[in-house]
1. Helix A:370-385 sits at what angle to the longest principal axis of chain A, using alpha carbons and giving 0 to 90 degrees rounded to 10?
2. I'd like the distance between the alpha-carbon centres of the stretch A:135-160 and the stretch B:265-331, rounded to an integer number of Å.
3. Please enumerate, by chain and number, the aspartates and glutamates with C-alpha under 16 Å from the C-alpha of A:Lys762, excluding those fewer than 8 residues away in the same chain.
4. Measure nothing fancy, just the Cα-based angle from helix A:423-432's long axis to the longest principal axis of chain A, in degrees from 0 to 90, nearest 10.
5. Apply 1/(1 + (r/R0)^6) to the Cβ-Cβ distance of A:Asn611 and A:His501, taking R0 = 41 Å, and write down the FRET efficiency to the nearest 0.05.
6. Would you work out the charge dipole size for chain A about its Cα centre, treating the Cβ of every Lys and Arg as +1 and the Cβ of every Asp and Glu as -1, and quote it to the nearest 20 debye?
7. How big is D for the stretch A:158-204, in µm² s⁻¹ as a whole number, if Stokes-Einstein is applied with the Kirkwood radius of its Cα pairs at 20 °C and 1.002 mPa s?
8. For A:Ser63, A:Ser432, A:Ser710, what's the fewest-to-most ordering of other Cβ within 10 Å of each Cβ?
Amino acid sequence: MKVSLSWLQDYVTVDVDVVELAEALTMAGLEVDALSDRYAYLDGVVAGRLVEITPHPDADTLSVCKVDVGAGVKSIVCGASNIKKGDLVPVALPGTQLPSGDTIEAGRIRGRVSEGMLCSEAELTLGTDRSGILVLPESSVPGRGVAAALGLSDTVIEFDLTPNRSDCLSVIGIAREVAAILGVPLNYPEVKLPSGETPIEEFASVTIEVPDHCPRYAARLVTEVHIAPSPFWLRDRLNSVGLRAINNVVDVTNFVLMETGQPLHAFDFDRLAEHRIVVRTAKEGQIFTTLDGTERNLTDEALMICDGKGPVALAGIMGGLESEIEDDTTRVLIESAYFNPITIRRTAKRLGLSTESSHRFERGVDPEGIVRALDRAAQLMVQMGGGKLAAGVIDVYPRPIPERVIELSVDRTNRLLGTGLSRDAIISHLESIEFEVEVLDEDRLKVAPPTCRVDIERPEDLMEEVARLSGYNKIPTTQPVSHVVAKEQEKRLRVRDLLRHVLAGCGFSEIVTYSFIGEDACDRLLLADNDPRRRMVSIVNPLTEELGVMRTSLLPGLLTTMFRNSTQRNENLRIFELGRIFLKTGHDELPEEVEMISGLWTGAKHNSTWNVQEEKLGFYDIKGIVDTLCAALNIPHVSFRALKGPGHPYLRPGHAAEVYSGKKSVGTVGEVTGQVLHNFELKQPAYCLDLNFEEVVCLCFEEIRAKPISRFPATARDIALIVDDAVEAQSVLDFIEGLGQELIDGVEIFDVYKGSPIPARKKSMALRLTYRSFERNLTDSEVNSIHAAVTQKTLRQFKAELPAG
Amino acid sequence: MKEELKKTEQEALKSLEATSDRQGVNLLRTRYLGRKGVMTQCLRGISTVPAADRPEAGRLANEVKTRLEVAFREAIERLDADSKEPSGGLDVTLPGRSFARGRLHPITQVTQAISEIFLRLGFEIAEGPNVELDYYNFEALNIPKDHPARDMQDTFYISDDVVLRTHTSPIQIRVMEKRSPPIRIIAPGKVYRVDSDVSHTPMFHQIEGLMVGENISFGDLKGILTTLVHQIFDEETSLRFRPSFFPFTEPSAEVDIQCVICRGKGCRVCSHTGWLEVLGAGMVHPAVFEMVGYDTDRYTGFAFGMGIERIAMLKYGIDDIRKFYENDIRFLEQF
């Protein structure tokens, strides 16, 4: 919403600096977005004194002028004849863009140098005269701006209004606030209507078929109108707020719209069939051409203004092409109505058509301002167009909008705000913005807001008015009083924190990616058709197709992040994300939101440094991260099983595992397959972990019981087993643990070897067993005999052999 | 014995003083402190001392030995320091072998910092679904269908009744539906709006706050938010409260803080206003309390919401919000 200071001053005297005013308005809830100099477009136009005028040697109608523009004398070719030596005139210097859009350039006109242009009033949109050059007052100083020379100064104030303040979508609405803030009176424009002769009813009629959609419709008729350009003051007012002048009738409707906030429509009365207006809804599928020339496909919700034959306007949004004001229009029917805000909003939204009218109707216009605005328009139209007014007004008002009366408690106001305002202070704030206040008793007030304040419904709305007018910043700052309750922090928050810090400690940086991804992500991960991660939730109106569905895995985000980094040559990455995935359940039901923790490692294994051999990253590195996490979170009975089956086609077979705690699967870890790397345009091997955070939280065991520590020394014994390649280390470890030998304090695998001299399809696995007692020192022979027994059982169990020799 | 020790010490120190090369010092050291050296002999000789004097002699001998050891070490260090030749020491300027260290995402760090402040104030953390019912995201917050306030937030739709939440405010409703006052919660989380440019991403983060009880006032809201801003930035940062509009609060306020970049003098970041808009807040609208069945005569409360990215950008001097979601490791490793 734009308002020019000069227009504002038609209704209220502003005796403070505009910057100060803007600040005060902002602090009262009308946020000023920008202040701009209305005449900034004249910056390149300066006053110049004509020091010499000579006829153009090669053109009868032109003359060559020498003009002193302060910084020198310019030669300018000019066609006007109203100027003489010594006159001060506006000079548009090269580079200046005129309101017409033309940019002035230095050049030659009929062979003579011309370094600028002398301008008429109309060329500078300072008036309508285009017959000659504008002559500036004698007081003008050559070289100074023409706006200053003419004493022109105006500021355009641009507001960013909140949707509740429809009352401020007009110059008078803003003026009302200014008057309240500055404590000065608001002067409404005086409306005096000529008494018409023939009653309007003899010419026209209005029928409302759908009063719920159109509670009120008023009209006046002006005859013998001459369509012409509007006088300069009216065009200037419209220009000042960025509206284009069209003709006197249309300009008046726009002027009154801006002045009062009430949208009006002017119909060419002679093009209204049967000279009647019918308000009804459209037929489903009906086509209507609005005055912008667009064919609109309507639904039966759209409210239409019709004549005796058919629709002539899309109510409250835009007029029709057929009944537009034309140059030969002589009789004008002016419409001023109150349309149901929801009706207008639905249609405007459905058609994607937002106009100055619809913007106001859908926020609610002043139901009692309908006729006032109509009268104002009729008055101006008669003045501008020299027309005659038909007597009387048509005002059909089948659904009166009830006036609101709200009871306000002084005490409750002060308690909600935390203030100590007196009853009188509250009354005076409310009265300053035209609220009518009646005192019921010491505490209670009966308040009737003005009808334009459609946003005021409850006592709290009144409290806000009091608060904003007395100043939010004057409200004392206090601390709430409340009982002290120590609340336990939720486990999942603690686990999240711990996970993040452990991963960061392992060198993994956290990433955050969008929750939406491209639908093709499942294909890129090679997921089977029946994979649950194909149950994606689609967004009806996505920003782009690549952000079209809610993610069902964090892996695409990690792989995409790896890709983005690889294009920047960031080749060594350790990254993780902790976030939700979304699994579709049913239509119109909320999806299942599951929190996951996923990580990716690619590139170097260690920070690069001097004199250290770079080791190749491998499966056991990423697995080690999972080990560390499980240990840090105290997850019980963790085991890994080689991934089999089609569940995780993005992981390389034989190089990936499922992570278990007891019998519960917690997630997966492994190397990404070459095909998937290719699908994400990646070249470098990548390893990932993908754990279900919900399971991790459940399994994470937070209670710690300290175990006793033996004070007797340990003795270690090794076994080397030659076993089948297929024998998994875990099974050997589990077996030894299962023997239940109390003196075994620990088992560790310290070497695995394949190749000569170990036979094919066999491997050597070297284990170190630690023996220790809680009660005494163990003797060598004791340990030897236990170890021999353990070795024998293990050999038998795994059909293993001891190495030769 | 005592005399002998004293003599030995003096002799050793004198010889050491007279020696100016490393080799010489080492030879001397072997002579006096070596396995077969003078001092070892001395210590052995203690056994010949009468039993009564033995402890005293032992103490003395050890003292002398210690003093000599120090003297020899200092002599060698001094020679090393004077020496122009390579000493065989390490080039301590070579980089150490560091462990890789990961960082938490700046959004996480700021969220945690803000959460900490509220946890200390006795607030609890609540969460809610990202994919939300229209009812919770709008209707229960006093934003009916066809309300112009819906234009304030461009919504991603899943279906007519399901949306990606456009703010963290629906969590207020979910909490109030389940519990009765007093309530003190904050709710951090992801939110989504159809928007994308230098200052908008289609997904971003908010933190919501809600306090409901008896006699909670707008002044209290100012108090809590002042504490918050002072803890996030510093005590010098001033705040101003401007009237605004949110359908679910009345009165509503936008909260500006004095620009933390220019300290209110006016700069590019604050568009030369000296102020930065960082929070929306207000007293919970009675219509919202009615939706969750709270007694509006008894309870009042306040709610507020802030954008995490906005705070992170100010705190870390980031000028393009999209950087948070590009996840360039060179960006992430700065935090």
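Bear in mind these aren't lab numbers, they're just calculated from the coordinates by the rules spelled out. Just so you know, these numbers come straight off a predicted model, no measurement behind them. Positions of Cβ are generated from backbone atoms using ideal geometry, with glycine treated the same way; all protein chains shown enter the neighbour counts.
1. So the helix axis and the longest Cα principal axis differ by about 50 degrees.
2. What the calculation gives is 42 Å, centre to centre.
3. A:Asp724, A:Asp725, A:Glu728, A:Asp751, A:Glu801
4. Around 60 degrees separate the two axes.
5. Once rounded, the FRET efficiency stands at 0.85.
6. 3440
7. Roughly 154 µm²/s, to the nearest whole number.
8. Numbers: A:Ser63 20, A:Ser432 16, A:Ser710 12.
Going from least to most buried by this count: A:Ser710, A:Ser432, A:Ser63.
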